[in-house]
Structure formats: structure tokens, C-alpha cells
Amino acid sequence: MGRLIPNSFNLAVVLYVALGSTACSYGLSVLGSTIGQPTFYTGLNMAPPGSPGYSHTANLISAYNGANSGGAILGAGFTSWFADWAGRKRSIQLGALILVIGGAISAASVNPAMFIIARTIAGVGIGMLITSIPMYQSEVSTPESRGFMCCMHGVMFAVGYSLSAWIGFGSFFSPADSSFGWRFPLAFQCGPSLLLLLGSSFLPFSPRWLLQQDRPEEALAVLKRLHTSKEDPQGHEAAREFYQMRRQLELDRSIKAKTGAFEIFKTPSNRKRALFAFFFMFGNMFTGILVVTNYGILLYEAIGLSGFMPLLLSGIYVLITFPCNVFTALYVDTIGRRTLLLIGLAGCTICNIFECALQAAYLGSDNKAGLNAAIFFIFFFVIFWASCLDATQYLYTAEIFPTHIRSQGTAVGMAGLFCGTLVVLMAGPIALNDIGWKFYFVLIIPTAIEWVCVYLWFPETKQRSLEDIAEAFGDKVAVHYYQATLEEQTAYVEEELKKNDGKTEATSELFENKPSSE
């Protein structure tokens, strides 16, 4: 594990900031268990499933999710500027504060209008956190451990999904005349955000952001504290990484001087990154993951289950995502991002095809074997999603952009995610109510197209420094971290000699010529 965890402080930083990941996934999925609480409908004066007027309720549920996604798009857009101006750390703190406020108002809502406003506010916080956290994690990680560290975002996402489902399941057994069953789960979304906010003072600023702010001494000190390991107690690898960061920033600034503002859209390589990030995250929402996570209860009820069983199955469903995300964290740097994405998209497509066929044949019938098979493919689907796509998508989106536009680029990707969420979740309850199994065609075709796009155009990024990845998109790399040329090695050693009055422990042996992942 030494290769994956350089020191305990680095791991503590990455895990603690991932409390925000738990807050995000909990907030995104809490409505999935809430709609299984009978008192939710009476508390907000809505018609429950199966009763006259439910079509209006389905429209309101779409609006609740749409408001959350719309707020998240605003939050992601704001973070594209704020994370550069105030820093990744401040973005995380502000996002956590806004989510606490939104969660509190959600739990106190007395009518649909108030609930929509609360969901919008909470969405802004989610958008800020989900944009800032993977970006921050990628910038505090070593090149060797970035896959593992950034996948903690996915692992803690799974924790949030699980908490949401099981708290919802437990709340189902609260007194029938009490609003606790739906208000407490909504209030609980404040917990992880509040904990993150209270302890965030110990989190360091991103060393790459500090370097951008012309604070090189602080940046190097933070980098050494994060990356010094037992194998390298003097921090030579951190110093070499800092050297590449500084040289690459100088090169990026010289390019920006020619391109001006909105550089993310000014060069072919950056436009390619932005296009990849937006449609990649947008397309992933059309796998159907959020349909099952948020409306799985409606699916289980349509299949014929009732009482607490839909909530129980929903809890088991999301619990599966935790070990699958841990698998991703352990092996994403070995298997590679591209391979996992291709396996995941293919598996999700195949599962959706079988699910569509089974629901078309057996929905509304008393054929238990057919209905059980439909439930099986819902669960088989989430194994592919969680072990191949969930954590990998955030890792890939955060790491493909250069440091000086990473906040903008990650925001573009997250805007794509929430645009996809907006479309799928707003259409979901209405489509499931009106066209049933035919809705799966909306999920199967885009996912198959995305598989083709990933296969043809997405480069592999494993075992490269963030600066080295630029080369995969056609940009010039100032200094290579992996496979450094003799000229680059010599330049680094000479600079170290100048800084240390002719004395340095830096040698060309520090440049491990590990094979690149092209």
C-alpha cells in the first residue's frame, strides 16, 4: 500500500475532504427513499402512488429533482471562477455551508414550493462540492497514487448512497402519524457537510493553486508534507514534481498570454478536453444509474413488491456500490481508466437490454421467475456501474485538464453531469408512469454510442503526472515526470546545484523512466 499511500497525512486529507462526497451522494439520492415514505405525500399535500391525482405528484417529484440538478449546474458554474479566485479549499468550505442550509430548509418544508426552493439551494452546494473535491484530490495526490486517492470520492459517494437508503429504510418504521419518517432523512444530509465544515481548517491549500497565486515557498512546503514518504524522507520526489509543476505553469502562462480569457475554448486541445468532459459526464447519466437510484422504489412497486420490500431492496442495491468502488480504487492504476470505462459501459448496456426485454414480457404478469430475473439485472447493472464507471468518471474528468483551467474544465464536466441528471430525473417518473419499459430505449442507445466514443477517442491517463497528461491531448510538456529525457534530467540537476551552492543530492537516478501508458 506504500505506493498508493505516501503518508498518513495525505490519506487523511483525501478521506476527510471526501465527507463532502458523502454529502453530495446523500443529497442526490435522498429523494429516492423519501418517496417511499407514506407521510411524505401527506406532509406536502400530494397524492400517493396509485391514487387519483398521482400524475400531478409525478410532475412535482420531477420538479424536486430538476430543481436540485438546476442548482447544481449553477454551483458548478460558480466554482469554475471561485475555485481559481479563492482556492479549491474555500470552494469546498462554501459548498458545504450552502448544502447545510439547503438540507435544513428541506427538512422544514411545509409545501411543495418551499421544498423546491430548498432543493435548489442544496443543489448549489452539491454542484460546488462535486466540482471541487475531485479537482482538489487530484492536485494533492502523487502521480503514482492519484487513481487510488481520487477514487476515494467514489468510495465515499457509495457511503452516501448507502446511508440514504438505509436511513430511509429505518425511518419507514416510524409512527404512521409522524413526519419523522421523511423529515429526519432530509435533515441528515446536513451532517456530513457540517462535519466537513467544522474540521476543514486543517486541510491544506492545493499546492498547484498556491503556485498559481505566486506563492512557491508555501506550495513546495505543502507538497513535501503531502508527498514525503518512508522511501523518500527528504522529499526528493516532491521537489522533482514541484520542478515540473513550476516549469509547466510558466509554459501555460506563455500560451495564455497569446490566447487571452476563456482559454478552455481557445485552443483545439482544450476544446477537445471540454467536449470530452461534458458529453462523457452527460452520457454517463443515460446509463440509467440515477433512474434506479432515485426511482428504484417505483420500479420495484411496478414489478409487484410492496410494504418495506422496495426500501429494503433499494438499501441492498446501493450497499453493493461500496465494495465495487473500493475495487476501482485499488486497481484503476493497474487496469487503466479506458479499460474500466469500456467494460462498464458495455456491461451497463447489456444489462439494460435484458431489463428492457424482461419488463416488456413480464411487467404486470404473475410470472415470478420473469419478475425475479428483472430484479436480478437491476442488481447486475449496478455491479458494472460501481466497479467500472462511478469513481473513474470523476477521476478522468478532473485529471485531463491543465492546472490553470482545471476548475473551468471540471465545472464543464460536472455541468454535463447535472444536465444529464436534469433530463433523466425529470423525465424518469413521468416516463415510468406513462411508457414503462419503453423508457429503457432512452438509456440503451446513448450508452452504446458513448462506448464507441470512448473506444475511438479517449486516451489512457494512468501512471502519468497531471502535467504529463497534456501530451496525450497534443499539448507541449515543459518537463516530463515520467520518461524524462537526458536533457530534462540534466536541467533539473543543474538547477538544484544552483539553489544549493553546488551541493545537491538530486541525481538523474531520481528520474524513474517508467513506461508511459499510451
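Exactly one condition in (1) modelled with pLDDT under 95; (2) in a helix (DSSP H, G or I); (3) not assigned by TED's automatic domain parsing to the domain that holds TRP385 is false for PHE169; which is it? Tallying (1) modelled with pLDDT under 95; (2) in a helix (DSSP H, G or I); (3) not assigned by TED's automatic domain parsing to the domain that holds TRP385, PHE169 fails exactly one: (3). Scanning for something surrounded by 21 or more Cβ atoms within 10 Å (Cβ to Cβ) and modelled with pLDDT under 90, does the stretch 20-29 turn up at least one residue? Yes: the stretch 20-29 contains one or more residues that are surrounded by 21 or more Cβ atoms within 10 Å (Cβ to Cβ) and modelled with pLDDT under 90.
Evaluate the stretch 311-324: report whether one residue or more is touching a Gly at 6+ places or on another chain (Cβ under 8 Å), surrounded by fewer than 24 Cβ atoms within 10 Å (Cβ to Cβ) and either closer than 30 Å to ALA86 by Cα or not hydroxyl-bearing (Ser, Thr, Tyr) (or both).
yes
Looking across the stretch 201-246, the residues that are over 21 Å from ILE133 (Cβ atoms) and polar (S, T, N, Q) come down to THR228, SER229, GLN234, GLN244.
For the stretch 299-344, a residue qualifies if it is aliphatic (A, V, I, L, M) and more than 30 Å from ASP366 (Cα to Cα), and the qualifying residues are VAL326, ALA329, LEU330, VAL332, ILE335, LEU340, LEU341, LEU342, ILE343. The set of residues in the stretch 482-505 being under 27 Å from PHE148 (Cβ atoms) and either modelled with pLDDT of 80 or more or small (Gly, Ala, Ser) (or both) consists of ALA484 alone.
Here's the yes/no breakdown for (1) surrounded by 15 or more Cβ atoms within 10 Å (Cβ to Cβ); (2) in contact with a Lys or Arg (Cβ under 9 Å, 6 or more places away or on another chain); (3) modelled with pLDDT of 75 or more; (4) farther than 18 Å from ASN433 by Cα:
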residue	(1), (2), (3), (4)
LEU249	yes, yes, yes, yes
GLY260	no, yes, no, yes
PHE276	yes, no, yes, yes
ASN284	yes, no, yes, yes
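Filtering the stretch 295-311 to residues that are within 13 Å of THR34 (Cα to Cα) and modelled with pLDDT of 75 or more leaves PHE308, PRO310, LEU311.
Got a sec? Which of ALA122, ALA107, ALA113 is touching a residue at least 60 places away in the same chain (Cβ under 8 Å) and surrounded by fewer than 21 Cβ atoms within 10 Å (Cβ to Cβ)? Can you show your working first?
On the way: ALA122 fails: surrounded by fewer than 21 Cβ atoms within 10 Å (Cβ to Cβ); ALA113 fails: touching a residue at least 60 places away in the same chain (Cβ under 8 Å).
The unique qualifying residue is ALA107.
Does ILE383 satisfy the condition of being under 19 Å from the mean Cα position of the chain (by Cα) and either on the phi > 0 side of the Ramachandran plot or surrounded by fewer than 24 Cβ atoms within 10 Å (Cβ to Cβ) (or both)?
Yes, satisfied.
Note on the stretch 325-356: among residues that are buried (at least 21 other Cβ atoms within 10 Å of the Cβ) and among the charged types (D, E, K, R), the one that is nearest to ALA386 (Cα to Cα) is ARG337. May I ask you to verify whether LEU290 is surrounded by fewer than 16 Cβ atoms within 10 Å (Cβ to Cβ) and either assigned by TED's automatic domain parsing to the domain that holds LEU443 or of a type in the set (Gly, Ala, Ser) (or both)? No: the conditions fail for LEU290.
Taking the numbered list (1) buried (at least 16 other Cβ atoms within 10 Å of the Cβ); (2) of a type outside the set (Phe, Trp, Tyr); (3) modelled with pLDDT of 90 or more in turn, ARG215 passes all entries but (1). Pairs linking a residue in the stretch 210-233 that is under 22 Å from ALA12 (Cα atoms) to a residue that is part of a loop (DSSP other than H, G, I, E, B) and of a type in the set (A, V, I, L, M, F, W, C), with Cβ atoms under 7 Å and 6 or more positions apart or on different chains, are VAL222/PHE205. If I filter the stretch 145-159 for residues that are surrounded by fewer than 24 Cβ atoms within 10 Å (Cβ to Cβ) and either touching a residue at least 12 places away in the same chain (Cβ under 8 Å) or assigned to a helix (DSSP H, G or I) (or both), do I get at least one hit? The answer is yes; a qualifying residue exists. In this structure, does PHE322 turn out to be assigned to a helix (DSSP H, G or I), in contact with a Ser or Thr (Cβ under 7 Å, 6 or more places away or on another chain) and either assigned by TED's automatic domain parsing to the domain that holds LEU443 or farther than 25 Å from PRO143 by Cβ (or both)? For PHE322, the condition - assigned to a helix (DSSP H, G or I), in contact with a Ser or Thr (Cβ under 7 Å, 6 or more places away or on another chain) and either assigned by TED's automatic domain parsing to the domain that holds LEU443 or farther than 25 Å from PRO143 by Cβ (or both) - is met. Screening ALA12, ALA63 for residues that are surrounded by fewer than 21 Cβ atoms within 10 Å (Cβ to Cβ), assigned by TED's automatic domain parsing to the domain that holds ILE117 and closer than 29 Å to VAL332 by Cα leaves exactly one candidate, ALA12.
Residues of the stretch 267-284 being over 17 Å from the mean Cα position of the chain (by Cα) and either not charged (D, E, K, R) or not assigned by TED's automatic domain parsing to the domain that holds ALA415 (or both), which ones? Within the stretch 267-284, THR267, PRO268, SER269, ASN270, LEU275 meet the criteria.
If you check ILE101, ILE92, which single one turns out to be of a type in the set (Val, Ile, Thr) and crowded, with 20+ Cβ neighbours inside 10 Å?
ILE92
Among the criteria (1) closer than 23 Å to PRO402 by Cβ; (2) buried (at least 19 other Cβ atoms within 10 Å of the Cβ); (3) not aliphatic (A, V, I, L, M), the one TRP85 does not fulfil is (2).
The values are calculated or read from the model by the stated rules, or taken from the named source; none is laboratory data. Keep in mind that this is a model prediction, so the values were computed, not measured. Positions of Cβ are backbone-derived with ideal geometry, glycine not excepted, and every protein chain shown enters the neighbour counts.
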